[in-house]
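Following: one structure in structure tokens, then a few remarks.
The values are calculated or read from the model by the stated rules, or taken from the named source; none is laboratory data. Because the structure is a prediction, the values reported are computed rather than measured. With ideal geometry, Cβ positions are generated from the backbone for all residues, glycine too; neighbour counts draw on all protein chains shown.
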Amino acid sequence: TEKQKFQNIIHELNEKCWDTCMDKPSNKLDSRTESCLKNCVSRFLDANILITERLEKKATEMLNNHDSMSLE
Amino acid sequence: TEKQKFQNIIHELNEKCWDTCMDKPSNKLDSRTESCLKNCVSRFLDANILITERLEKKATEMLNNHDSMSLE
Amino acid sequence: TEKQKFQNIIHELNEKCWDTCMDKPSNKLDSRTESCLKNCVSRFLDANILITERLEKKATEMLNNHDSMSLE
Amino acid sequence: MQELLSKVTDKCFKKCISSPGTSLGSSDQKCIAMCMDRYMDSFNLVSKAYSERLR
Amino acid sequence: MQELLSKVTDKCFKKCISSPGTSLGSSDQKCIAMCMDRYMDSFNLVSKAYSERLR
Amino acid sequence: MQELLSKVTDKCFKKCISSPGTSLGSSDQKCIAMCMDRYMDSFNLVSKAYSERLR
């Protein structure tokens with residue numbers, strides 16, 4: 001289902017950002033960790049967009065050069 | 001099947017406890033590593049129980065406070 | 001499918017060898033990283049063969065000694 | 001819920017119990033409780049940040 | 001392709017963004033682009049090496 | 001068995017071959033054999049400890 005898919009993405013993203021941002025757990029989420037987590041989500045999505053675009057561009061180039069060049 | 005499920009748990013638990021306890025492999029399982037592995041299994045199950053209970057308590061609290069408080 | 005299975009093996013192997021061989025990514029795959037990646041694939045397959053053979057040998061021994069010894 | 005339980009146990013066992021002893025001491029228990037609360041805070045925060053970016 | 005996208009994002013995020021800031025700076029972007037190209041080089045090389053061993 | 005093979009290969013490759021060379025030397029082979037034996041010891045021990053706790 002859609003909801004399940006959303007939950008899976010959040011679980012995965014939370015795991016990555018937890019590993020990136022969380023040091024020793026304390027009584028409260030401190031502001032530094034909070035910023036790190038928010039930035040982590042945004043940067044991860046930025047990186048994902050960048051890579052998707054680049055991957056599509058490469059795939060298109062490969063198709064266009066299909067006759068003159070081998071894939072290597 | 002039940003047996004398969006048991007095997008999967010053991011595989012996962014063994015992986016975690018291997019990572020926690022095993023340094024460089026030697027000719028024999030030394031007593032320190034052996035204790036570590038046994039304790040690792042027990043402590044992991046203790047932690048699992050602790051977390052399950054706390055998670056259930058939180059879920060109950062959330063249901064009870066559903067009208068007056070938001071999830072946040 | 002066969003092709004999908006092949007792709008999955010390559011993805012997994014590439015992940016392992018990337019973690020083993022790649023330091024900071026640079027403009028080009030340098031020759032040291034290239035050798036490391038090639039060797040990583042070969043050594044991984046060597047290790048896999050070694051372990052498969054040893055595992056089969058152990059399984060056979062266990063079957064043969066089934067009456068006189070317990071698994072342990 | 002099952003997924004959350006499994007992830008919390010995994011992450012908090014690693015964070016709180018680096019060398020497992022003969023019992024779960026009170027400081028281990030405290031660490032696990034805090035770790036679990038922070039993991040859920042993090043989950044909520046990540047969930048919110050992701051939803052906001054999607055809009 | 002989906003698998004490659006997910007692995008590249010995972011590996012290159014870890015390699016290039018160790019402490020996420022308020023934006024993806026140009027050096028981060030450059031690192032991600034290089035990392036992605038190297039990951040694909042590596043994939044091709046591993047694929048070739050594996051095929052050769054199978055023969 | 002397939003699962004065990006895959007986990008042993010993964011764990012013992014990491015433990016024994018940190019920088020892969022042009023061949024699997026005798027010390028690498030020895031390390032892998034020992035590592036595999038210890039992994040199976042560990043599996044049996046963990047299996048026993050888990051069963052005892054369930055009772």
Read through the list (1) under 15 Å from residue E:21 (Cα atoms); (2) surrounded by 11 or more Cβ atoms within 10 Å (Cβ to Cβ); (3) more than 9 Å from chain E (Cβ to nearest Cβ), then give the number of the only condition that residue A:10 fails.
(1)
Going by what's in this entry, would residue C:37 be described as facing chain F (nearest Cβ under 8 Å) and either in contact (Cβ under 8 Å) with a residue 12 or more places away in the chain or closer than 18 Å to residue F:3 by Cα (or both)?
no
Hey, could you check segment F:39-55 for residues that are of a type outside the set (Phe, Trp, Tyr) and touching a helix residue (DSSP H, G or I) at 6+ places or on another chain (Cβ under 8 Å) and say which is farthest from residue C:61 (Cα to Cα)?
F:53
Among the candidates D:14, D:30, which residue alone is under 14 Å from residue A:25 (Cβ atoms) and more than 10 Å from chain B (Cβ to nearest Cβ)?
D:30
Among (1) under 16 Å from residue A:19 (Cβ atoms); (2) modelled with pLDDT under 95; (3) not β-branched (Val, Ile, Thr) - the single one residue E:4 does not satisfy:
(1)
Could you check, for segment A:53-72, whether at least one of its residues is in a loop (DSSP other than H, G, I, E, B), at the interface with another protein chain (Cβ under 7 Å from one of its Cβ atoms) and of a type outside the set (Phe, Trp, Tyr)?
yes
Single condition residue B:64 does not satisfy, out of (1) out of contact with any helix residue (DSSP H, G or I) (no Cβ under 8 Å at 6 or more places or on another chain); (2) surrounded by 12 or more Cβ atoms within 10 Å (Cβ to Cβ)
(2)
Of the conditions (1) touching a Leu at 6+ places or on another chain (Cβ under 8 Å); (2) under 22 Å from residue F:14 (Cβ atoms); (3) in a helix (DSSP H, G or I), residue B:29 satisfies every one except a single condition; which number is it?
(3)
Pick out the one residue from D:23, D:18 that is outside any helix (DSSP H, G or I) and modelled with pLDDT under 95.
D:18
Matching residues, segment D:36-55, being more than 9 Å from chain B (Cβ to nearest Cβ) and in contact with a Pro (Cβ under 9 Å, 6 or more places away or on another chain):
D:38, D:39
